[in-house]
Each structure stands twice: as structure tokens, then as C-alpha cells.
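Please read the structure below before turning to the comments.
The values are calculated or read from the model by the stated rules, or taken from the named source; none is laboratory data. Predicted model only: the values in this text are computed from it and were never measured. Backbone-built Cβ (ideal geometry, glycine too); neighbour counts: all protein chains shown.
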Amino acid sequence: MTDLAELLERIGRGRSLPAAGAVTLLPAPAGRAVAAVLGCTAHHLIAADVDPQWLNSQLGDSEMTRPMKPDFLAVLGEHLDAKPGGQDTLLVTARPGVHSGTVQMAVATNPAALNHPRVDRALRYRDEVTVATVPGGLVTLGRGLAGRWEISIEVEPAYRGAGIGRTLAEQGSALAPPDALLWAQVHPANVASMRAFLAAGYRPVGAEVLFTREPDAATRCPR
């Protein structure tokens, strides 16, 4: 059976899914996400452990965009006892960055000790996390949804507008294994981050919403 990891590899390598208004149900993904809904051009992927008949009853003959509608995402989350996250634009690159500039990146030996919100989020949702810092910013890399390599960047306010974000997005590829696809999830409203990734050669391939089950505050590991 085709799984989400296989289809992500296909999408990331530039082989588009059939644009026929289809909804493809897949097994729940590997990784820390309970489920995922991905929207590509006229094709949606729903990776979740749900009964096909239940899913059909929720989607019916509704409009093509329903899998990304807030009401459907809320119903799916309730059905899975999981919380839907925000909707992100999904970008990918299959090649190293073109390196518009160079910065000296220092790989952190103990990322958790940085006590940084961006790092804390990466450690909560990804495995095999690597963090590299630069003056005024940092980049994280780890294995997220379906085992894919995911990157995130953060630039301190005083350093913004100098191209550091683009350079981090480009040079972050050096932290990934050779020939690996590198994925970025960017909220549509975060136009500065979107511009940085686009300038670094990442291309948008769709949108996605991830579902997670947050541990109780009392059982979370201390930071």
C-alpha cells in the first residue's frame, strides 16, 4: 500500500499527483503527528487511521476544498482525539542552496539548553534534531512528518532585513544528508519567512495541517 512517505517523495521530486479533485486516504503517518491533511493542486491526502466509510460520510459530494475547511478539520480532530494545528504552506527543495552569502554556523551540542521557543518546538515535534546558531539567528533540522527532513529558521528582530534568513535557509541544507529532500512549513502570514525560503530556491507544493496529541503539562519533560 502506498504511504505518505512515498507520496511526499514523489511530490518533492516534482512528480505531481493527478489533479482530478480526488481525496486519497492513507495510513496514519510515521513520526509524532497523529494524522495529516495535505492539499495539492486538485488533490488532497488524508493520512489518518479512520474508516473510509466514516470519511466518505463527512466529505460526501462537497466542494473540492472541504478537506482543508476548518469545520472538517475540527470534526476529524474530535474523531481522532487530536488537535489540528494551523494551516501551513509546504515548501521543498531537492538541491543544496545556492549560497547567496556565508555565515559561520555553530552546531549546538545540547539544543535543549538553548531554551529557545523555536528549538523547543523542534524537539517536541521532530526526531534527530540538529540546531546551528549564527550571530542573530538559528536554524533547526529534524525528522518530522513521515520521517521527512524538516527545516526551520529564526532571525532575531535586530538582524532582520539583512538576508540572514535566506542564507540560513540555503546553508541549512548542509545539515541534511546528501540528496535528501528538505521541507519547510511556513504559515501564509509569515511573509518574511516565505520570501526567505523562496529566494533560497524552495518551491511551494501544497498546504498541510498536522494533528497532534499534546501531553499533559504535568507529564512533559522539563525544559
Considering only region 29-52, state which residues are within 21 Å of Thr65 (Cα to Cα), in a loop (DSSP other than H, G, I, E, B) and of a type in the set (A, V, I, L, M, F, W, C).
Ala42, Ala48, Val50
How many residues does region 4-46 hold that are within 11 Å of Val205 (Cα to Cα), of a type in the set (Gly, Ala, Ser) and surrounded by 14 or more Cβ atoms within 10 Å (Cβ to Cβ)?
2
When you scan region 193-205, do you find a residue that is under 29 Å from Leu17 (Cα atoms), touching a strand residue (DSSP E or B) at 6+ places or on another chain (Cβ under 6 Å), modelled with pLDDT of 95 or more and assigned to a loop (DSSP other than H, G, I, E, B), even just one?
yes
Can you work out which of the residues in region 166-202 that are touching a Lys or Arg at 6+ places or on another chain (Cβ under 6 Å) and touching a residue at least 60 places away in the same chain (Cβ under 8 Å) is surrounded by the fewest Cβ atoms within 10 Å (Cβ to Cβ)?
Ala199
